[in-house]
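S.K.: If you scroll down you'll find the structure; I have some questions about it.
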Amino acid sequence: MNVASDFILKDRFNQDHKLSAINHIKVVYFYPKDNTEGCIIEAKEFSSMLKDFDKAGATVIGISGGDNKSKEKFCFEHNLKHLLLSDPEFIVSKDYGVYGEKNFMGKKYMGINRTTFVLDKNNKIIKIFDRVKPLGHAQEVLNFIKSLK
């Protein structure tokens, strides 16, 4: 299996977070855009299950474009407690292969494809969930992590 690239991205408070500084299982989920319907569902589910992920020994990290102000507003409006990081130039998203052409109602554009990576403490990729459907995804990921034990 491959090792995920390390990165440093900023959170809603404009503080840097380095992936390799987290020394346990990481759930890194890429989502298209703050405050959009599917992204709200996915983020709220991950946030509501944060204690379950902590108990399973995993840190949840959401990544999308936008800046720290967008993340701050998204977290405030939906009472999100987990780590959301800004990838405004889509550098990390491109590196992880989740940024590309999308098609919505016949209109083509570039953006993040909803994808989740489960990484071990050394950033080795354990599992990739692609073509993610937001509803129920957090539980699906948690079930997978629990199955590792």
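The values are calculated or read from the model by the stated rules, or taken from the named source; none is laboratory data. Quick caveat: nothing in here was measured; it's all calculated off a predicted structure. Quick reminder, even Gly has a Cβ in these numbers, built from the backbone with ideal geometry, and neighbours come from all protein chains shown. We work out accessible area using only protein heavy atoms, side chains counted, and drop any ligands, DNA or RNA first. Shrake-Rupley method; radii C 1.70, N 1.55, O 1.52, S 1.80 Å.
S.K.: Ordering His78, His24 by accessible area with a probe of 1.4 Å, largest first, what comes out?
M.R.: His24, His78
S.K.: Going down the list Lys33/Lys149; Lys18/Lys149; Lys18/Lys127; Lys69/Lys124; Lys44/Lys127; Lys69/Lys146, which pairs span over 28 Å between their C-alpha atoms?
M.R.: The answer is Lys33/Lys149; Lys69/Lys124; Lys69/Lys146.
S.K.: Work through the residues other than Ser48 whose Cβ is under 12 Å from its Cβ and net out their charges, Lys, Arg +1 and Asp, Glu -1.
M.R.: Cβ neighbours under 12 Å give a net charge of 0.
S.K.: Continuing with the same structure: Only Cα pairs within less than 10 Å get springs; with that Gaussian network setup on the chain, which residue of Thr115, Thr36, Thr59 has the largest fluctuation?
M.R.: Of the options given, Thr36 has the highest mean-square fluctuation.
S.K.: Could you look at region 1-103 and say what percent of its accessible area is carbon and sulfur, using a 1.4 Å probe and all protein chains?
M.R.: Using a 1.4 Å probe with all protein chains present, region 1-103 comes out at 50 percent carbon and sulfur.
S.K.: Rounded to the nearest whole Å², what accessible area per residue is found for the chain with the 1.4 Å probe?
M.R.: With all protein chains present, the chain gives 56 Å² per residue.
S.K.: Using the Cα gyration tensor of the chain, with a ≥ b ≥ c the square roots of its eigenvalues, what is the shape: rounded (a/c below 1.5), prolate (a/b larger than b/c) or oblate (neither)?
M.R.: rounded
S.K.: Tell me which GluC sites (Glu not before Pro) from region 48-122 have a DSSP coil assignment and no more than 13 other beta carbons within 10 Å of their own.
M.R.: Hits after loop and neighbour filter: Glu89.
S.K.: OK, next. Counting Lys +1, Arg +1, Asp -1, Glu -1, what net charge surrounds Lys69 among other residues with beta carbon under 12 Å of its beta carbon?
M.R.: Around Lys69, the surrounding residues sum to 0.
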